[in-house]
Amino acid sequence: MACLSPSQLQKFQEDGFLVLEGFLSADECAAMQQRIGELVADMDVPVHYRIEFSTQEDEQLRTKGQGNKDYFLSSGDKIRFFFEKGVFDKKGNFLVPPEKSVNKIGHALHAYDPVFRSVTYSPKVQALAKSLGFQMPVVVQSMYIFKQPHFGGEVTPHQDSTFLHTEPLGRLLGIWIAVEDATLENGCLWFIPGSHTGGVSRRLVRTPAGSKPDISFLGSEPVRDASLFVPTPVRRGDLVLIHGEVVHKSEQNLSDHSRHAYTFHLMESLGTVWSPENWLQPTAELPFPPLYT
């Protein structure tokens, strides 16, 4: 089973991230890729919902129409498609093959898709959470990230707790699984080791009902010393544990190879308040499901 050793646990607590090699088999990765291929082949996204996904702050807050923003803000309990920049013409028609256009699929694959549900709630993942001390973990969101060849966008330095805030902090954990090799060339993750101990510098919050825009940032992302980032290339099937407050990023993918990954977030629900200002909220249709089945 996927239990952490004391030395692995110590390294995660010191660095705020940890690579677990060979967590999933090649067959398990292939099953996810096959399922994603089916979802993309069947995707039918209305033109006015074709929303380009960006991690640039000003682009996140700019709306190209309220429908776009609602499509994102109401995606927490659905399986929805978000696209790379520059893949549509002015009328919303695809400029590249649709399967090359998708940035990510989110945010409830773990709840509604049998293949991703079986990965998320696997005995291996449950054992991993137990060895990290989680008592009542819930799954708050999931995403399949494509990092398309040649134009898979960069993800600027950030902390996951900027977007998924808890009180107290330290209750959020990202599980990031490489479905394909993640290399220096195709946009692997980079971390600042130990950066998870300084709190959160910026928060994305929903603004009060009826106000515009409907989300805004509190605080600002400090300029990070680029030399502090450590690249973390991983092989297909490897898993990366990501503390909710560790600073990480990924570069643009200019290579010929995509960098598929499946990622989801766990929260220790015991003694934790999920911020009512987070963009993502549990719904009547999908309360945050418990990890331990």
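The values are calculated or read from the model by the stated rules, or taken from the named source; none is laboratory data. Since we're looking at a predicted model, the values are computed, not measured. Glycine gets a Cβ as well: all are built from the backbone with ideal geometry, and neighbour counts include every protein chain shown. Quick note on the areas: whole protein, heavy atoms, side chains included, nothing else; ligands and nucleic acids left out. Shrake-Rupley method; radii C 1.70, N 1.55, O 1.52, S 1.80 Å.
Observations
- Sites Ala226 and His150 - FRET efficiency at Förster radius 30 Å, r taken between beta-carbons, to 0.05: 0.80
- Taking every protein chain into account, the accessible area of segment 6-274 amounts to 43 square angstrom per residue (probe 1.4 Å).
- Using a simple spin-label model with pseudo-atoms 7 Å out from Cα toward Cβ, Glu38 and Thr207 lie 4.2 nm apart.
- MRE, 222 nm, helices only [DSSP H, n ≥ 4, -39500 (n - 2.57), over the chain, to nearest 500]: -5500 deg cm²/dmol
- Centroid-to-centroid separation of segment 119-177 and segment 66-97 [C-alpha atoms, Å]: 22
- Legend: residue pairs Lys78/Lys249; Lys100/Lys147; Lys69/Lys104; Lys78/Lys212; Lys147/Lys212, Cα-Cα distance threshold 21 Å; pairs beyond threshold, Lys78/Lys249; Lys78/Lys212; Lys147/Lys212.
- Evaluated at q = 0.10 Å⁻¹, a Debye calculation over the C-alpha positions of segment 6-274 (equal weights, vacuum) places log10 I(q)/I(0) at -0.49.
- Global form of segment 156-285, assessed from the alpha-carbon gyration tensor, a/c cut-off 1.5: prolate
- Spacing of the modelled spin labels on Asp70 and Ser25, each 7 Å from Cα toward Cβ, amounts to 4.6 nm.
- Coupling constants for segment 133-138 follow from the phi torsions by the Karplus curve (6.51 cos²θ - 1.76 cosθ + 1.60, θ = phi - 60°), and in residue order they are x, 5, 9, 9, x, 10 Hz; glycine and proline get x.
- For His107, distant residues with modelled amide H under 5 Å away: Lys78, Arg80
- The charge dipole of the chain, taken about its Cα centre with unit charges on the Cβ atoms of Lys, Arg (+1), Asp and Glu (-1) only, comes to about 400 debye.
- Couplings for segment 187-201, taken from phi via the Karplus curve 6.51 cos²θ - 1.76 cosθ + 1.60 with θ = phi - 60°, read x, 5, 6, 10, 10, 9, x, x, 7, 8, 9, x, x, 10, 8 Hz in order; Gly and Pro are left as x.
- Taking only protein heavy atoms and a 1.4 Å probe, the accessible area of segment 6-274 is 55% carbon and sulfur.
- Remark: segment 207-260 carries a charge dipole of roughly 140 debye about the Cα centre, counting +1 on each Lys and Arg Cβ and -1 on each Asp and Glu Cβ.
- Placing unit charges on the Cβ atoms of the charged side chains and taking the dipole of segment 6-274 about its Cα centre, the candidate lying farthest along the positive direction among Pro123, Met267, Leu254 is Met267.
- Local net charge near Gln281, Cβ-Cβ under 14 Å (Lys/Arg +1, Asp/Glu -1): -3
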